[in-house]
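K.L.:
Mind having a look at this structure? Questions to follow.
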Amino acid sequence: MGIDARRILTGRRLLVTALAAAAVAGGGAATAAVAAADDGDEAVPAGTRVTAVQAAQAALKAAPGTVEDIDLDDDGDTPVWEVDVAASGGVRTVDVDAGSGEVVRNRADRDDDDDDDDRRETKALGGAKTTAVAAANAALRAAPGTVTSVDFQAGTAPSWEVEVAGSDGTEREVTVDAASGKVLQNQADDRDDDDRDDDRDDDRDDD
């Protein structure tokens, strides 16, 4: 098993490299540890130096209003925070470079498919006493790590859904009450389990 020299960086990537070498010598347990460490790297893309809170603050300077969603997107060449802001003229999506904190794009959200849902969400957001930034900070107190997304959930009891990547590679989903700011739930993120189920379904379809 070869080791890609491009992955020999600092911090946790050094840990991944060391564990990879141990996997060759020691087998299964070390291999599992490598997988866990690597999952953490994927949750927080390399080059991410700007926090969700800092991204929200940068977005609000570019588009004053109320933050309703913050998501870390690593589909491009560099990771970008996508921040949706409910402003007086409608919802705007502000892209903030996750490395420099620079606003790289500020555009109107033109998704008209769910106008009624958007209006309900914006109305509920306007009545929320807890902001996205406050929800992120509350989540970090309950689950230390790096916030990778903050999403407003409208409904009978509006809340914020905050995803946090821990330094040990685990991911947690923290629900924060939008009225009181209290943490309602703190649980392991089961997206990896869902991905494995999808892979098994694909394998059966191929058969």
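K.L.:
Can you name the residue in the stretch 54-81 that is more than 20 Å from N137 (Cβ to Cβ) and under 14 Å from the mean Cα position of the chain (by Cα) and, of all such residues, is surrounded by the most Cβ atoms within 10 Å (Cβ to Cβ)? So that I can check it myself, show each step before the final result.
P.N.:
Within the stretch 54-81, the subset more than 20 Å from N137 (Cβ to Cβ) is 62-64, 73-80.
The next check asks that each one be under 14 Å from the mean Cα position of the chain (by Cα); those that pass are 73-75, 79-80.
Working: D73: 14, D74: 17, D75: 7, P79: 19, V80: 23.
Ranking the candidates gives V80 first.
K.L.:
When the residues of the stretch 144-169 are narrowed to those that are polar (S, T, N, Q) and out of contact with any strand residue (DSSP E or B) (no Cβ under 7 Å at 6 or more places or on another chain), which ends up least open to solvent (accessible area, probe 1.4 Å)? Break it down stepwise before answering.
P.N.:
Within the stretch 144-169, the subset polar (S, T, N, Q) is 146, 148-149, 153, 156, 159, 167.
With out of contact with any strand residue (DSSP E or B) (no Cβ under 7 Å at 6 or more places or on another chain) added as a condition, the list becomes 156, 167.
On the way: T156: 153, S167: 98 Å².
Checking each candidate, the answer is S167.
K.L.:
Taking S180 and the conditions (1) open to solvent by 40 Å² or more (accessible area, probe 1.4 Å); (2) modelled with pLDDT under 95, which numbered condition does it fall short on, given that it satisfies the others?
P.N.:
Of everything listed in (1) open to solvent by 40 Å² or more (accessible area, probe 1.4 Å); (2) modelled with pLDDT under 95, S180 misses just condition (2).
K.L.:
Something else: Is the stretch 4-22 home to any residue that is under 19 Å from G145 (Cβ atoms), among the aliphatic types (A, V, I, L, M), surrounded by 16 or more Cβ atoms within 10 Å (Cβ to Cβ) and at pLDDT 95 or above?
P.N.:
no
K.L.:
Restricted to the stretch 133-143, and to residues that are over 19 Å from A43 (Cβ atoms) and either small (G, A, S) or modelled with pLDDT under 95 (or both), which residue is surrounded by the fewest Cβ atoms within 10 Å (Cβ to Cβ)?
P.N.:
A134
The values are calculated or read from the model by the stated rules, or taken from the named source; none is laboratory data. Just so we're clear, the structure is a prediction, and the values are computed from it rather than from any experiment. Using ideal geometry, Cβ is built from the backbone for each residue, glycine included, and neighbour counts are taken over all protein chains shown. For accessibility, only protein heavy atoms count, side chains too; no ligands or nucleic acids. Shrake-Rupley method; radii C 1.70, N 1.55, O 1.52, S 1.80 Å.
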